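All remarks here apply to the structure that follows.
Bear in mind that the values in this text are calculations on the coordinates, not laboratory data. Just so it is clear, the structure is predicted and the values come from calculations on it, not from any experiment. Heads up, the Cβs are rebuilt from the backbone with ideal geometry, glycines too, and the neighbour counts pull from every protein chain shown.
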Amino acid sequence: MIRRAGGKLILAHPSDPNGTSMAQITANLDEQSRIIQNKMIDHIDGIECWHSRSDAPTTAHYIKFCRENDLMMTGGSDCHQKPLLLGTVDVPDFVSKQFLKMCV
């Protein structure tokens, strides 16, 4: 339904140690990627690579995974955290350009 409406399905914060994520199953990034590859890849369009609780190795891992699997990369800070972190995550400019390609 989301895709038929023109939306994209993004796996949010895949490795957030303090939230609902695959970190609850395994902290190993390679194992998380195997789960995505084996169970989710056909059902998602992208992954949130930049998140307020992602460290640099986690971000780099998911950027690489997205590039290897032709997935969109997203990121940011959202409003459902305490303390409120809206607008505090630095996301590269090329990320927004992915959405411009959708409009062409």
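For a modelled paramagnetic label at residue 64, 7 Å from Cα along Cα-to-Cβ, the residues of the stretch 42-58 in reach, with backbone nitrogen under 12 Å, are 57-58. A simple rule links phi to the HN-Hα coupling: the Karplus curve 6.51 cos²θ - 1.76 cosθ + 1.60 with θ = phi - 60°, which for the stretch 40-54 gives 10, 3, 6, 10, 10, 10, x, 9, 6, 8, 9, 9, 4, 10, 9 Hz, with x for Gly and Pro. Amide H to amide H, with H built 1.01 Å from N, residue 50 comes under 5 Å of 74, 75, 76, counting only residues 5 or more places away or on other chains. Within the same chain, aspartates and glutamates fewer than 8 places from residue 97 are excluded, and of the rest, none has a Cα less than 13 Å from its Cα.
Extension gain, residue 90-residue 10: 0.36 nm per intervening residue step, less the Cα-Cα distance, totals 27.0 nm.
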